[in-house]
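Visitor: If you scroll down you'll find the structure; I have some questions about it.
The values are calculated or read from the model by the stated rules, or taken from the named source; none is laboratory data. Treat the numbers as computed from the prediction; the structure is a model and nothing was measured. With ideal geometry, Cβ positions are generated from the backbone for all residues, glycine too; neighbour counts draw on all protein chains shown. Note: areas computed on protein heavy atoms with side chains; ligands, DNA, RNA excluded. Shrake-Rupley method; radii C 1.70, N 1.55, O 1.52, S 1.80 Å.
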Amino acid sequence: MKENKGLINVIIGVSIAIPLVVAILLFAPFKLNLEGATWVSFLPTFNAIANSTTSVLLVLALIAIKKKKVALHRNLMLSCLVLGALFLVSYVTYHASSPSTIFGDLDHNGELSEMELSEAGMMRTVYIVVLLSHIGLSIVVVPFVLLAFYYALNDKISQHRKIVKYTFPIWLYVSVTGVIVYLLISPYYA
């Protein structure tokens, strides 16, 4: 029981640390100096690929468990977890080393002129709504994903089933909207 409490504390700690670290790196007045590292510009595309792949794997994992293919389900979900970790490292690296991209900023000067705002129109509002729901739910889903894995790996299948009823649709939404956010913002990358 003591070991379980320790793992739950780790899940809580990680669930708090991830959004804090991301927020600090996003809003820090400094950026990591990865000068000459052209690979950094590919990271948003990698993140979109990771999110797309996660979406597909989540659906395949659901199909697998419905067909009672537990080992396949487990492997697909572990793949999702690994992709999520890779995504997080990539996301943090990119945002810690690159200036934020502003939706509608055609001249890449970090400010929106009246013309740029007019040009972006309602799509800017759509982008912001999708982005905010994506960010908010990505923060919320982390502890649930970790708890779902904890329950599954500790053979607490009843608790696992209860939590994934909520976790699965949120994780799928976060993965799909991550791709949508990328597709909407990508024309504005410098």
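Visitor: Let me confirm something: among 37, 61, 50, 71, which residue is farther than 23 Å from residue 137 by Cα and at pLDDT 85 or above?
Guide: Testing whether each residue is farther than 23 Å from residue 137 by Cα and at pLDDT 85 or above leaves just 71.
Yes/no per residue for (1) of a type in the set (Asp, Glu); (2) under 12 Å from the mean Cα position of the chain (by Cα); (3) more than 22 Å from residue 188 (Cα to Cα):
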site	(1), (2), (3)
22	no, yes, no
25	no, no, no
42	no, no, no
45	no, no, no
51	no, yes, no
55	no, yes, yes
58	no, no, yes
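Visitor: Condition first: aliphatic (A, V, I, L, M), free of Cβ contacts under 8 Å to residues at least 40 places away in the same chain and not in a helix (DSSP H, G or I). Now tell me which residues in the stretch 98-118 satisfy that.
Guide: Hit for the stretch 98-118 is 112, nothing else.
Visitor: On to the next question. Out of all the residues in the stretch 145-158, which are in contact with a Phe, Trp or Tyr (Cβ under 9 Å, 6 or more places away or on another chain), under 14 Å from residue 80 (Cα atoms) and open to solvent by 40 Å² or more (accessible area, probe 1.4 Å)? First the steps, then the outcome.
Guide: Of the residues in the stretch 145-158, the ones in contact with a Phe, Trp or Tyr (Cβ under 9 Å, 6 or more places away or on another chain) are 145, 148, 156-158.
If we keep only those that are under 14 Å from residue 80 (Cα atoms) too, we end up with 145, 148.
Listed by number, the list is empty, since nothing qualifies.
Visitor: Find the residue count for the stretch 159-190, including only residues that are open to solvent by 60 Å² or more (accessible area, probe 1.4 Å), more than 14 Å from the chain's Cα centre (by Cα) and of a type in the set (A, V, I, L, M).
Guide: 2
Visitor: To continue, here is another question. List pairs: first in the stretch 9-26 and touching a residue at least 60 places away in the same chain (Cβ under 8 Å), second of a type in the set (Ser, Thr, Tyr) and part of a helix (DSSP H, G or I), Cβ under 7 Å, 6+ apart or cross-chain?
Guide: Listed pairs, sorted by first residue: 11/150.
Visitor: On the basis of being buried (at least 16 other Cβ atoms within 10 Å of the Cβ), touching a helix residue (DSSP H, G or I) at 6+ places or on another chain (Cβ under 8 Å), within 20 Å of residue 97 (Cα to Cα) and not hydrophobic (A, V, I, L, M, F, W, C), does residue 47 make the cut?
Guide: For residue 47, the condition - buried (at least 16 other Cβ atoms within 10 Å of the Cβ), touching a helix residue (DSSP H, G or I) at 6+ places or on another chain (Cβ under 8 Å), within 20 Å of residue 97 (Cα to Cα) and not hydrophobic (A, V, I, L, M, F, W, C) - is met.
Visitor: Something else about it: Checking the conditions here, which among 92, 142, 130 is surrounded by 12 or more Cβ atoms within 10 Å (Cβ to Cβ), in contact with a helix residue (DSSP H, G or I) (Cβ under 9 Å, 6 or more places away or on another chain), among the β-branched types (Val, Ile, Thr) and at pLDDT 95 or above?
Guide: Criteria check complete, one pass: 130.
Visitor: Got at least one residue in the stretch 119-135 being touching a residue at least 12 places away in the same chain (Cβ under 8 Å) and among the polar types (S, T, N, Q)?
Guide: Yes, some residue in the stretch 119-135 is touching a residue at least 12 places away in the same chain (Cβ under 8 Å) and among the polar types (S, T, N, Q).
Visitor: Quick one: count up the residues across the stretch 57-78 that are open to solvent by 50 Å² or more (accessible area, probe 1.4 Å) and either part of a helix (DSSP H, G or I) or in contact with a Cys (Cβ under 6 Å, 6 or more places away or on another chain) (or both). I'd like the intermediate steps shown before the answer.
Guide: Going through the stretch 57-78, the residues open to solvent by 50 Å² or more (accessible area, probe 1.4 Å) turn out to be 59-60, 62-63, 65-72, 74-75, 78.
Of the ones still in play, those that are also either part of a helix (DSSP H, G or I) or in contact with a Cys (Cβ under 6 Å, 6 or more places away or on another chain) (or both) are 59-60, 62-63, 65-66, 70-72, 74-75, 78.
Matching residues across the stretch 57-78 total 12.
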